[in-house]
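Working notes for the structure below.
The values are calculated or read from the model by the stated rules, or taken from the named source; none is laboratory data. Not measured: the values here are computed from a predicted model. FYI the Cβ positions are ideal-geometry reconstructions off the backbone, even for glycines, and counts take in every protein chain you see.
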Amino acid sequence: MKNILITGGAGFIGSHLVRLFVNRYPEYRIINYDLLTYAGNLANLSDIQDVPNYFFEKGDICDSENVDRVLRKYEVDGIIHLAAESHVDRSITDPFCFARTNVLGTLTLLQAARNCWSRGLAGDAGRQAMEGHLFYHVSTDEVYGSLSEPGTFFTEECRYDPHSPYSASKASSDHFVRAFRDTYGLPVKISNCSNNYGPYQFPEKLIPLFLNNIRHSKPLPVYGKGENVRDWLYVMDHARAIDVIFHRGRIGETYNIGGFNEWKNIDLIKVMIRVADSLLGHPEGHSLGLITYVTDRPGHDMRYAIDSTKLKDELGWEPSLQFEEGITETIRWYLDHQEWLDNVTSGDYMNYYEKMYGGR
Ligand code: NAD
Ligand code: TYD
């Protein structure tokens, strides 16, 4: 494959994936298709914006005409689809926005890919024409719901049981991807990953939000008792897994991605406080008093834990970073990039597109 469209490439995970592909595969053309919602920030990619195999197209995945135009313009033969609304709390406030982007947006992309790659041919002829193309859908472990029994894990066979409007919309998008595989023979792959952490995450999510608040001595709002468990994976390990699955995973298959790295929220928050206080030159325990228990998130899933044995056994992928190392590097990155955090929290980053691509 030579021409790869990555949707949502200006977001957190997408920007790491775009950088990885642009640098690792100079023979590919990498087209970043992103609407630049509040979560999209082209400054995340400022280091590669002039690299010759990188292209940016501002656009909505729900805009079928524009998607079709871009697929044809670059003769796209592979799509890695990350564009989404991604924050559970926002999905509770505005579920329709999540249905639009995550469900209808994914359906729009699927339909455009099918139309373009099947060259308008129906049945077996269409299936044949689509061979050699790939629609890779990036999804979440949250579609599986919440684990209650300790020691149990989400496998690829687990029943879908989403609880939040976010996870319901992602579950629905996964179902549409499989429906296009089964109904039209679209070559697809899906991966479901656990919580990611690392640089460039929008400071509405737990880790960057709390680091930003520690920096400003603001309260740290812990939902409920802080006992919910998440399985944390370094974002570059997710990007590497997508690379491996994209190139070597079996067509039609689903792969779970996770680090076997479970943390109770409150324990993770205490690690963040310890490391951040030490890097900021504060005495030990200085920011513990910022912890503020607040009303729980409605429908808050208790525990996520991924079993990524299939990915390891079939494709040899394993996380590269130990958590202590990854979280320390991440905290150091946010404290070293306070300008990035300030630009995002002030809204200044929204002007980056105009500055870089003004008038286009
Ligand atoms: P993000 O919110 O940081 O970025 C989303 C990107 O999508 C932004 O650049 C935004 O501008 C773009 N976008 C939103 N709506 C769009 C639209 N209609 N058209 C085009 N672009 C649009 O998200 P993220 O955390 O990087 O997550 C990326 C993907 O990975 C999502 O599909 C998410 O469900 C999945 N995922 C995330 C995690 C995680 O921990 N963050 C874990 C597993 C899976
Ligand atoms: P988040 O980063 O929003 O990811 P997700 O909900 O997709 O897992 O939240 C991670 C965990 O942290 C989750 O259990 C909710 C909790 N949380 C808080 O306790 N306080 C907060 O302000 C946020 C944003 C999250």
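Selection of the range 215-247 for residues being outside any loop (DSSP other than H, G, I, E, B) and within 17 Å of Lys264 (Cβ to Cβ) yields Leu220, Pro221, Val222, Tyr223, Val229, Arg230, Asp231, Trp232, Leu233.
Hey, among Asn212, Asn228, which residue is within 9 Å of ligand 2 (Cβ to nearest atom) and among the polar types (S, T, N, Q)? Don't jump to the end; show me each part of the working.
On the way: Asn212 fails: within 9 Å of ligand 2 (Cβ to nearest atom).
Only one candidate qualifies: Asn228.
Taking Phe176, is it farther than 25 Å from Val235 by Cβ, more than 16 Å from ligand 2 (Cβ to nearest atom) and aromatic (Phe, Trp, Tyr)?
yes
Per-residue answers, yes or no, for (1) closer than 19 Å to Pro208 by Cβ; (2) basic (Lys, Arg); (3) in contact with a helix residue (DSSP H, G or I) (Cβ under 8 Å, 6 or more places away or on another chain):
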site	(1), (2), (3)
Arg250	no, yes, yes
Asp277	yes, no, yes
Lys310	no, yes, no
Gln338	yes, no, yes
Thr345	yes, no, yes
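Annotation note: Cβ proximity below 8 Å between a residue of the range 79-90 that is within 9 Å of ligand 2 (Cβ to nearest atom) and a residue that is of a type in the set (S, T, N, Q) (sequence gap 6+ or interchain) occurs for Val88/Ser164; Val88/Ser167.
Here Tyr184, Tyr160 are screened, and the one residue that is in contact (Cβ under 8 Å) with a residue 60 or more places away in the chain and over 20 Å from Arg100 (Cβ atoms) is Tyr184. Among residues of the range 172-211 being among the small types (Gly, Ala, Ser) and within 14 Å of ligand 1 (Cβ to nearest atom), the one that is nearest to Tyr160 (Cα to Cα) is Ser172.
Pairing residues of the range 321-332 that are within 16 Å of Leu206 (Cα to Cα) with residues that are in a helix (DSSP H, G or I), at Cβ distances under 6 Å and at least 6 apart in sequence or on separate chains, gives Thr328/Val275; Ile331/Val275; Ile331/Ala276.
Let's see how each residue does on (1) in contact with a His (Cβ under 8 Å, 6 or more places away or on another chain); (2) surrounded by fewer than 21 Cβ atoms within 10 Å (Cβ to Cβ); (3) aromatic (Phe, Trp, Tyr):
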site: Ala241; (1), (2), (3): no, no, no
site: Gly249; (1), (2), (3): no, no, no
site: Phe260; (1), (2), (3): no, yes, yes
site: Lys264; (1), (2), (3): no, yes, no
site: Ile269; (1), (2), (3): no, no, no
site: Arg274; (1), (2), (3): no, yes, no
site: Asp277; (1), (2), (3): yes, yes, no
site: Leu288; (1), (2), (3): no, yes, no
site: Met302; (1), (2), (3): no, yes, no
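Every condition in (1) surrounded by fewer than 16 Cβ atoms within 10 Å (Cβ to Cβ); (2) more than 15 Å from ligand 1 (Cβ to nearest atom) holds for Gly347 except the one numbered (2). Among the residues of the range 118-154, how many are under 30 Å from Asp231 (Cβ atoms), at pLDDT 95 or above and exposed (fewer than 12 other Cβ atoms within 10 Å of the Cβ)? So the count comes out to 0.
Taking the numbered list (1) crowded, with 22+ Cβ neighbours inside 10 Å; (2) part of a helix (DSSP H, G or I) in turn, Asn212 passes all entries but (1). Strands (runs of 3 or more DSSP E) fully within the range 251-312 that include at least 1 residues being more than 20 Å from the chain's Cα centre (by Cα) and either within 16 Å of ligand 1 (Cβ to nearest atom) or modelled with pLDDT of 95 or more (or both): 262-264, 291-294.
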